[in-house]
Every structure is written in C-alpha cells, then in structure tokens.
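Novice: Sharing a structure here in structure tokens format.
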Amino acid sequence: MRDCYKILGVPHNATAAEIRRAYRQKAKLLHPDITHEDSEKFRELVQAYETLSDIKSRSLFDESFAYKNSAYAKQTSGNTKSFDYRTWLLERDDDESRAKLIFFDLTHNKEDSAVEEFKKMNMTRSGFKLSKWFTREDFMDYGFILSEELVLRQEYYDAVILLEQIIKMEYSYSYFKLFFPEVKSLARHILRNNVGGQMNDELAIDAWERALDLRFDKADDSYFLQKMAEAYERIGDKHTARICREESMRLVS
C-alpha cells in the first residue's frame with residue numbers, strides 16, 4: 001500500500017484543511033484536462049485524497065501503517081519548541097496578527113476558534129479583510145476552507161461575504177480553475193437554500209444583491225430578485241419590491 005500522505009505531499013499529522021489544499025494544488029497539475037492524457041498519478045492522487053479526507057478511512061489507514069509506534073511518532077513526540085506561535089498571536093491585537101491567528105487555528109484543528117475569531121473581527125473591526133494579510137493563493141485556498149466551516153456552523157451571511165471575495169478574485173485572475181465550479185456551487189447553494197428565513201430581511205437582501213454581481217445564470221439572478229422583492233415587501237418597501245419583480249420577470253421572459 002502506498003503512503004497516502006507522501007502522495008499528497010503532506011505530513012502524517014496534516015489537518016483536514018492542509019489535505020484539501022494539497023489535493024487541489026496537485027490535481028490542477030495532474031488532471032487529465034490539463035495533461036491531455038490518462039494519468040495513473042492523478043488516479044493515485046484521487047484515491048489518496050479520498051482515503052485521508054474521510055475520518056474513518058484515514059483512521060484505518062493510519063492504523064495499518066502503525067504511525068503511533070513508528071520512528072516518525074517518536075521523532076515528533078520529542079520535537080518540542082520553546083516558542084508558542086499561537087500564544088504570541090493571541091497576545092497581539094493588530095489586524096494582521098488576528099488574521100494570521102484565524103488561519104493558524106484553521107490549520108491546527110481549532111476550527112471553532114477560527115470561526116469565532118473571524119466573526120468577532122468582522123463585527124468589531126471596520127474594514128477588516130483577511131485577504132490583506134496573505135498571498136492571493138493562500139487567501140483563496142484557506143478562505144474557501146473557512147467558508148465551508150462557516151456553513152457547517154450555519155453562519156451563512158459570513159460565508160457569503162467570504163465567498164464573494166474569492167469568486168471575484170477568481171474572475172480577475174484564474175487560480176482555482178478546475179475547482180472553481182465547486183466554489184461557485186457552494187455559494188449558489190447558500191444563496192438559494194440558506195439565506196431566506198435564516199437571517200433578517202436586511203441581511204438577506206444584502207446577500208442576494210451581492211449575488212447579482214457574481215455571474216450566476218439568468219435563472220439564478222431572477223430567483224434572487226424575486227426573493228429580494230418578497231423581503232422588501234415584508235419590510236414595507238413596496239416600490240423597490242415592484243422594481244425587483246419587474247427585473248426578475250425581464251430576465252426570464
């Protein structure tokens with residue numbers, strides 16, 4: 001049996017976020033649509049990712065290789081450091097340190113803390129942007145993973161705001177390429193299924209309005225406008241509701 005960690009190029013203690021990122025990066029190089037050939041390496045990569053991305057199958061794989069009793073485990077168990085990077089970040093209050101704390105926690109099995117810090121910074125720091133403190137690639141990769149964690153915790157509005165930034169970045173310069181449909185599909189699912197009824201009408205309107213700039217198809221845009229019309233009616237703005245309905249009908253007529 002091949003070492004799935006070696007195939008993906010990650011350490012044996014890699015987090016789920018690191019495994020997902022490594023898979024996307026390697027798949028963009030090995031995918032048959034890019035190489036124009038039937039790639040055994042790509043099939044091997046997919047199998048390794050499927051093994052390590054599932055908790056149960058990863059546990060079984062780890063047991064089969066007996067990592068806990070291996071020289072690797074002994075080596076890492078004695079590898080202690082006097083400097084605690086996370087503690088250092090926690091003691092600092094500037095935007096850069098808090099942004100780096102979010103991504104650090106996201107990649108060190110502290111997803112709840114990452115989501116909590118991200119929400120707190122969005123609420124308390126005007127103009128706070130994760131993208132300011134990372135390379136474009138790091139932000140898009142880990143930002144997408146963070147948006148998935150937000151969705152798991154039903155923090156749909158924050159997920160929409162984050163996905164909006166990622167999608168607009170992709171339009172300005174292609175990075176996700178083969179995986180962009182996955183990114184856009186997540187945003188579309190939230191906007192169609194998790195916005196209405198999950199937040200107040202003002203936030204819902206803002207989310208659907210943002211969606212109109214994300215290049216979904218006409219049917220989607222018509223749906224968003226229709227939902228905006230319903231929300232505007234509930235808050236008593238019948239004039240704007242009528243405009244939204246007219247535009248919705250124009251798109252599908």
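The values are calculated or read from the model by the stated rules, or taken from the named source; none is laboratory data. Nothing here was measured: the structure is a model prediction, and the numbers come from that model. Note: ideal-geometry Cβ built from the backbone for every residue, glycine included; neighbour counts use all protein chains shown. What goes into the accessible areas is simple: the full protein's heavy atoms, side chains included, and nothing from ligands, DNA or RNA. Shrake-Rupley method; radii C 1.70, N 1.55, O 1.52, S 1.80 Å.
Novice: In a shell of Cβ-Cβ distance under 14 Å around L251, excluding L251 itself, what net charge do Lys and Arg (+1) and Asp and Glu (-1) give?
Specialist: My count for the surroundings of L251 gives 0.
Novice: What's the ranking of 237-244, 124-131 by average number of surrounding C-beta atoms within 10 Å, highest first?
Specialist: 237-244, 124-131
Novice: Can you show me the helix-derived [θ] at 222 nm for the chain, built from DSSP H runs with n ≥ 4 at -39,500 (n - 2.57) apiece and divided by the number of residues, rounded to the nearest 500.
Specialist: Details: 15 runs with 179 residues, N = 253.
Using -39500 (n - 2.57) per qualifying helix, the result is -22000 deg cm²/dmol.
Novice: Would you please put 111-119, 51-59, 139-147 in order of how densely packed they are, using the mean number of other Cβ atoms within 10 angstrom per residue and starting with the highest?
Specialist: Highest to lowest by the protection proxy: 139-147, 111-119, 51-59.
Novice: Go through T240, T51, F139 and say which Cα lies farthest out towards the positive end of the charge dipole of the chain; charges sit on Cβ, +1 for Lys and Arg, -1 for Asp and Glu.
Specialist: Towards the positive end, the residue furthest out is T51.
Novice: Right, another one. What pairs in K132/K168; K28/K184; K26/K120; K129/K184; K184/K218 have C-alpha atoms more than 22 Å from each other?
Specialist: K26/K120
Novice: Only Cα pairs under 8 Å and at least 6 apart count here; give the relative contact order of the chain as a rounded whole percent.
Specialist: 11 percent
Novice: Also: Any idea how far apart R2 and K218 come out in nm if each label point goes 7 Å out from Cα toward Cβ?
Specialist: Inter-label distance under the simple model: 4.6 nm.
Novice: May I pose another question? Any idea which of L163, S222, L8 is furthest toward the positive side of the dipole for the chain, if Lys and Arg beta-carbons carry +1 and Asp and Glu beta-carbons -1?
Specialist: About the Cα centre, the residue reaching furthest to the positive side is L8.
Novice: Another question, then. If you take every residue apart from Y49 with its C-beta less than 14 Å away from the C-beta of Y49, what net charge results, scoring Lys and Arg +1 and Asp and Glu -1?
Specialist: Local charge sum for Y49: +4.
Novice: If the elastic network links every pair of Cα atoms under 10 Å, which of A17, A99, A219 fluctuates the most in the Gaussian network model of the chain?
Specialist: Of A17, A99, A219, the Gaussian network model singles out A219 as fluctuating most.
Novice: Among V46, V183, V160, which one shows the highest mean-square fluctuation when the chain is modelled as a Gaussian network with alpha-carbon springs under 10 Å?
Specialist: Answer for the Gaussian network model of the chain: V46.
Novice: Just the number please: accessible area per residue for the chain, 1.4 Å probe, all protein chains included, in Å². List each step's numbers first, then the result.
Specialist: Values: 14350 Å² over 253 residues.
Accessible surface, normalised per residue, equals 57 Å².
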